[in-house]
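Working notes for the structure below.
Every number in this text was worked out from the coordinates using simple rules, so none of it is lab data. A quick note: this is a predicted structure, and the numbers were derived from the prediction, not measured. Counting neighbours? That spans all protein chains shown, and the Cβs are built from the backbone with ideal geometry, glycine included.
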């Protein structure tokens with residue numbers, strides 16, 4: 001085997017040592033990390049700039065829209081106030097009591113041999129309605145005529161109102177008599193107190209629609 005001499009052995013050794021120098025390798029690694037961090041911060045700076053530009057655009061757009069939004073909010077408050085007022089008025093209308101249907105029931109119950117001379121009505125704090133009816137009745141049995149009027153009135157009012165009742169406060173015979181067809185008939189004087197609890201108007205309307213008899217009346 002031939003003998004080979006490497007005259008550049010020392011130079012090769014030095015070159016390998018230079019390549020394996022830890023400080024040099026550390027500097028290269030540090031440089032690589034620094035480059036990566038620079039790229040990362042550059043990317044983050046670009047993102048921040050984009051967000052700022054977007055925020056500025058949104059702020060400019062909001063500055064244009066804000067007066068309209070403020071006006072819309074004020075208008076919404078006005079409409080809410082109107083709605084609340086309307087609800088109060090609707091509630092008052094639904095709770096109010098109509099005297100006409102009650103008086104119509106009363107007039108329909110008066111028989112030919114009975115007469116109304118006076119009546120007075122009132123709405124109590126508990127929302128019940130009271131009616132005081134004063135009148136006279138005549139006939140062969142005037143007390144029976146007055147009782148018939150009272151019963152008929154109680155039945156008819158019970159069809160439209162809750163807790164309807166009609167009771168005699170006074171039922172007395174009078175000394176005077178009336179001449180009917182040449183016959184003198186006795187007369188009684190009565191005072192009837194009527195109490196009813198009105199239904200809400202919505203319930204009264206629905207019951208009237210569901211009852212053809214009440215609807216015709």
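Once the chain from residue 76 to residue 183 is taken as fully extended at 0.36 nm per residue, the excess over their C-alpha distance is 30.9 nm.
Calculated FRET efficiency, residue 143 to residue 99, Cβ-Cβ distance, R0 = 35 Å: about 0.75 to the nearest 0.05. Full extension of the chain between residue 88 and residue 169 gives 25.3 nm of extra length, using 0.36 nm per residue less the Cα-Cα distance. Relative contact order for region 99-216: 26 percent, from Cα pairs under 8 Å spaced at least 6 residues apart, divided by residue count. Applying 1/(1 + (r/R0)^6) with r as the Cβ-Cβ distance of residue 37 and residue 65 and R0 = 41 angstrom yields a FRET efficiency of 0.50.
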